[in-house]
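The values are calculated or read from the model by the stated rules, or taken from the named source; none is laboratory data. A quick note: this is a predicted structure, and the numbers were derived from the prediction, not measured. In this analysis, Cβ positions are derived from the backbone assuming ideal geometry, glycine residues included, and neighbour counts consider all displayed protein chains. For accessibility, only protein heavy atoms count, side chains too; no ligands or nucleic acids. Shrake-Rupley method; radii C 1.70, N 1.55, O 1.52, S 1.80 Å.
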Amino acid sequence: MKTCLECDEKIVGREDKKFCSDGCRNAYNNKINKDSNNFMRNVNNKLRKNYRILSLLNIDGKSKTTRAKLLSKGFDFDFFTNILHTKTGNTYYFLYDQGYLLLDNDYFMLVKKDI
Ligand SMILES: [Zn+2]
């Protein structure tokens, strides 16, 4: 016996029906969209915050900073938009056009991509 994904009521009718009514289908889909939107909003906020921090510390387009300084501003190393592996074996992490490269002793090189 099939039951509605939203309210668990028994479904009558076609075998492939997932919901007992249009109302339940809408409620179910709205919940899914809301959750993914909340998640995406949180990720986007983290990316924006990281980007703001890098922009703030890298006014000249190329500068150096420390892990402690980034962390003190609330930088979250888990969030970035893309990774660039150079032929010389370096790995740059980018937030849009602002990037960083880990140097020795917890120093970071900050760079800005020419677009
Ligand atoms: Zn239902």
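Structure above, values below:
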| quantity | calculated |
| --- | --- |
| Odd one out for Lys73 among (1) open to solvent by 50 Å² or more (accessible area, probe 1.4 Å); (2) farther than 18 Å from Tyr107 by Cβ; (3) of a type in the set (D, E, K, R); (4) in contact with a helix residue (DSSP H, G or I) (Cβ under 7 Å, 6 or more places away or on another chain) | (2) |
| Hey, Lys87 more than 16 Å from the ligand (Cβ to nearest atom), assigned to a helix (DSSP H, G or I) and modelled with pLDDT of 95 or more or not | no |
| Hits in the stretch 58-70 (condition: touching a helix residue (DSSP H, G or I) at 6+ places or on another chain (Cβ under 7 Å), open to solvent by less than 40 Å² (accessible area, probe 1.4 Å) and not hydroxyl-bearing (Ser, Thr, Tyr)) | Leu70 |
| Identity of the residue in the stretch 18-61, over 11 Å from the mean Cα position of the chain (by Cα) and among the aliphatic types (A, V, I, L, M), that ends up farthest from the ligand (Cβ to nearest atom) | Ile59 |
| Of residues in the stretch 91-115 being assigned to a loop (DSSP other than H, G, I, E, B) and not basic (Lys, Arg), the one surrounded by the most Cβ atoms within 10 Å (Cβ to Cβ) | Tyr96 |
| Cβ pairs under 6 Å, 6+ apart, first in the stretch 34-52 and in contact (Cβ under 8 Å) with a residue 12 or more places away in the chain, second among the charged types (D, E, K, R) | Lys46/Asp76 |
| Criterion (touching a Lys or Arg at 6+ places or on another chain (Cβ under 6 Å) and either of a type in the set (A, V, I, L, M) or modelled with pLDDT of 95 or more (or both)) met by exactly one of Phe94, Phe75, Phe108, Phe79 | Phe79 |
